[in-house]
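Asks: Once you've had a glance at the structure underneath, I'll fire off some questions.
The values are calculated or read from the model by the stated rules, or taken from the named source; none is laboratory data. This structure is a prediction, so every number in the text was calculated from the model and none was measured. Reconstructed Cβ throughout: ideal geometry from the backbone, glycine too, with neighbour counts over all protein chains shown. Calculation scope for accessible area: heavy atoms of the full protein, side chains included, ligands and nucleic acids excluded. Shrake-Rupley method; radii C 1.70, N 1.55, O 1.52, S 1.80 Å.
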Amino acid sequence: ICTGGGVTNATASIMALGLDPRFDLSAAYWVIAGIAGGDPKDLTIGSGAWARYVIDGDLAFEIDAREIPEDWPYGMIPLGAHAPAAPGDDVTQGWTVDTSSFTLNAGLADWAVATSKNVSLPTYPASRKFSKQFKVFEGALSEPDVMLGETLSSSTYWHGERFSQWANDWVQVYSTPKMNFMTSNMEDSGTLTALYRLARIGRVDADRVMVLRTVSNYTQQPPGESAVWSATADYPDAGLPALESTYRYGAAVVHALIENWSVYESTLPQLESKAGP
């Protein structure tokens, strides 16, 4: 299914599918895949990240950028808070909502990374040239790869160094300080909202949900450029590296599930444990 762009479209589309009486999705695996903005500190164009957490970035207080207090790093504040939160802070006190953070099956994410690790990708010279502008960012200068990395969902198409700092903090605030923001998206908190509601009535198994995002562009500018440049720059190679990686990484997982369905219908995939000494 193509959900449509934005959190609201994704929520409505997945809820409609999940409630359709023609389908029994109680044992279905969900491979939620799409392109994303990538944190240039962690990964490059064409790389993919399987998430352990999906964090919502819309449910917040926001102060206009022209009125942010001088001692604040950015103008985003957790619901019910009085100032920006730091990783490790407790944001469960006061009022909040239950769709700010979604915990995925970490073992399944590990398996998805391992299953898609040996996928070969095409070479895109224009994207490699584009990434070389990000001279101080190891991730952007690396080769495309697949890895674990958390995703932040927001219908607002944000960009810039300060917002990237916020995204890294926000993901850790709403997950754990050990997690790492790597990709931005515009749908996944909506998709997960629908799936977790459907799981409550037994129509979906939330332990069978996987989220893959592949990098089409970066969430902030390179040295010497502005946030406006970052937000409005054309995607190198018209976004093809991310689209191709989404298909290839996702297909590796889908085919593994299909080919071993006699096992995976009733038993979740997991990495084989290495024998210890």
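Asks: Are any residues in the range 30-53 in a loop (DSSP other than H, G, I, E, B) and surrounded by 21 or more Cβ atoms within 10 Å (Cβ to Cβ), and if so, which ones? Steps first, answer last, please.
Replies: Let us first name the residues in the range 30-53 that are in a loop (DSSP other than H, G, I, E, B), namely 39-47, 51-52.
Asp39, Pro40, Asp42, Leu43, Thr44, Ile45, Gly46, Ser47, Ala51, Arg52, listed by residue number.
Asks: Then there is this: Look at the range 206-240 and say how many of its residues are modelled with pLDDT of 95 or more, open to solvent by less than 50 Å² (accessible area, probe 1.4 Å) and in a loop (DSSP other than H, G, I, E, B).
Replies: Going through the range 206-240 one residue at a time, the tally reaches 4.
Asks: Against the condition farther than 26 Å from Ser131 by Cα, open to solvent by 30 Å² or more (accessible area, probe 1.4 Å) and either out of contact with any Asp or Glu (no Cβ under 7 Å at 6 or more places or on another chain) or not acidic (Asp, Glu) (or both), how does Ala16 come out, does it pass?
Replies: Values: farther than 26 Å from Ser131 by Cα: yes; open to solvent by 30 Å² or more (accessible area, probe 1.4 Å): yes; either out of contact with any Asp or Glu (no Cβ under 7 Å at 6 or more places or on another chain) or not acidic (Asp, Glu) (or both): yes.
Here the answer is yes, as Ala16 does meet what is asked.
Asks: I'd like the full set of residues that are surrounded by 13 or more Cβ atoms within 10 Å (Cβ to Cβ) and among the acidic types (Asp, Glu), limited to the range 79-116.
Replies: Asp89, Asp110
Asks: Here's something else I'd like to know. Here's a check for you: in the range 146-171, which residue that is surrounded by 18 or more Cβ atoms within 10 Å (Cβ to Cβ) and within 13 Å of Val215 (Cβ to Cβ) is nearest to the chain's Cα centre (by Cα)?
Replies: Only one residue tops the list, namely Thr151.
Asks: With respect to the numbered conditions (1) surrounded by 13 or more Cβ atoms within 10 Å (Cβ to Cβ); (2) over 19 Å from Ala194 (Cα atoms), which one is the sole condition not fulfilled by Asp56?
Replies: The single condition Asp56 does not satisfy is (2).
Asks: Moving to a separate point now. Pairs only if they're at least six apart or on different chains, beta carbon under 6 angstrom, first in the range 204-232 and more than 30 Å from Ala194 (Cα to Cα) and without any contact (Cβ under 8 Å) to a residue 24 or more places away in the chain, second of a type outside the set (Lys, Arg) and open to solvent by less than 40 Å² (accessible area, probe 1.4 Å); list them, first residue then second.
Replies: From the range 204-232, the pairs are Trp229/Gln221.
Asks: Please find, among Tyr53, Tyr124, Tyr74, the residue that is over 17 Å from Phe163 (Cα atoms), at pLDDT 95 or above and in contact with a Phe, Trp or Tyr (Cβ under 7 Å, 6 or more places away or on another chain). Reasoning before the result, please.
Replies: Values: Tyr124 fails: in contact with a Phe, Trp or Tyr (Cβ under 7 Å, 6 or more places away or on another chain); Tyr74 fails: over 17 Å from Phe163 (Cα atoms).
Tyr53 is the lone residue from the list that is over 17 Å from Phe163 (Cα atoms), at pLDDT 95 or above and in contact with a Phe, Trp or Tyr (Cβ under 7 Å, 6 or more places away or on another chain).
Asks: Further, regarding this structure: Taking Tyr174 as the residue in question, decide whether it is surrounded by fewer than 24 Cβ atoms within 10 Å (Cβ to Cβ), among the hydroxyl-bearing types (Ser, Thr, Tyr) and touching a residue at least 12 places away in the same chain (Cβ under 8 Å). Show your work before the answer.
Replies: Details: surrounded by fewer than 24 Cβ atoms within 10 Å (Cβ to Cβ): no; among the hydroxyl-bearing types (Ser, Thr, Tyr): yes; touching a residue at least 12 places away in the same chain (Cβ under 8 Å): yes.
In short, no.
Asks: I've got another one for you. Within the range 248-265, take every residue that is within 19 Å of Ser47 (Cβ to Cβ) and touching a residue at least 12 places away in the same chain (Cβ under 8 Å) and give me the one that is most open to solvent (accessible area, probe 1.4 Å). Steps first, please.
Replies: Initial filter on the range 248-265 (within 19 Å of Ser47 (Cβ to Cβ)): 248-253.
Among the residues that remain, those that are also touching a residue at least 12 places away in the same chain (Cβ under 8 Å) are: 248-250, 252-253.
Working: Arg248: 77, Tyr249: 4, Gly250: 7, Ala252: 26, Val253: 0 Å².
The qualifying residue most open to solvent (accessible area, probe 1.4 Å) is Arg248.
Asks: Name the residues in the range 120-149 that are assigned to a helix (DSSP H, G or I) and in contact with a Leu (Cβ under 9 Å, 6 or more places away or on another chain), would you? Reasoning before the result, please.
Replies: Taking the range 120-149 and keeping what is assigned to a helix (DSSP H, G or I), we get 125-131, 138-141.
Of everything in the range 120-149, those that are assigned to a helix (DSSP H, G or I) and in contact with a Leu (Cβ under 9 Å, 6 or more places away or on another chain) turn out to be Ser127, Ser131, Gly139, Ala140.
Asks: Report whether or not Leu268 is in a strand (DSSP E or B) and surrounded by 12 or more Cβ atoms within 10 Å (Cβ to Cβ). Steps first, please.
Replies: Details: in a strand (DSSP E or B): no; surrounded by 12 or more Cβ atoms within 10 Å (Cβ to Cβ): yes.
No: the conditions fail for Leu268.
Asks: Here is a follow-up. Are any residues in the range 121-140 open to solvent by 80 Å² or more (accessible area, probe 1.4 Å) and not charged (D, E, K, R), and if so, which ones? Give the steps one after another, and end with the answer.
Replies: Going residue by residue through the range 121-140, those that are open to solvent by 80 Å² or more (accessible area, probe 1.4 Å) are 123, 125, 129, 132, 135-136, 138.
Those that are open to solvent by 80 Å² or more (accessible area, probe 1.4 Å) and not charged (D, E, K, R): Thr123, Pro125, Val136.
Asks: Then there is this: For the range 66-78: of the residues being free of Cβ contacts under 8 Å to residues at least 60 places away in the same chain and either open to solvent by 50 Å² or more (accessible area, probe 1.4 Å) or in a loop (DSSP other than H, G, I, E, B) (or both), which is nearest to Ile32 (Cα to Cα)? If you could, list the steps in order and put the result at the bottom.
Replies: Of the range 66-78, the ones free of Cβ contacts under 8 Å to residues at least 60 places away in the same chain are 66-72, 75, 77.
Imposing the further condition that a residue be either open to solvent by 50 Å² or more (accessible area, probe 1.4 Å) or in a loop (DSSP other than H, G, I, E, B) (or both) reduces the set to 66-72, 75.
Working: Arg66: 37, Glu67: 37, Ile68: 36, Pro69: 38, Glu70: 39, Asp71: 38, Trp72: 35, Gly75: 30 Å.
Once the filter is applied, the top-ranked residue is Gly75.
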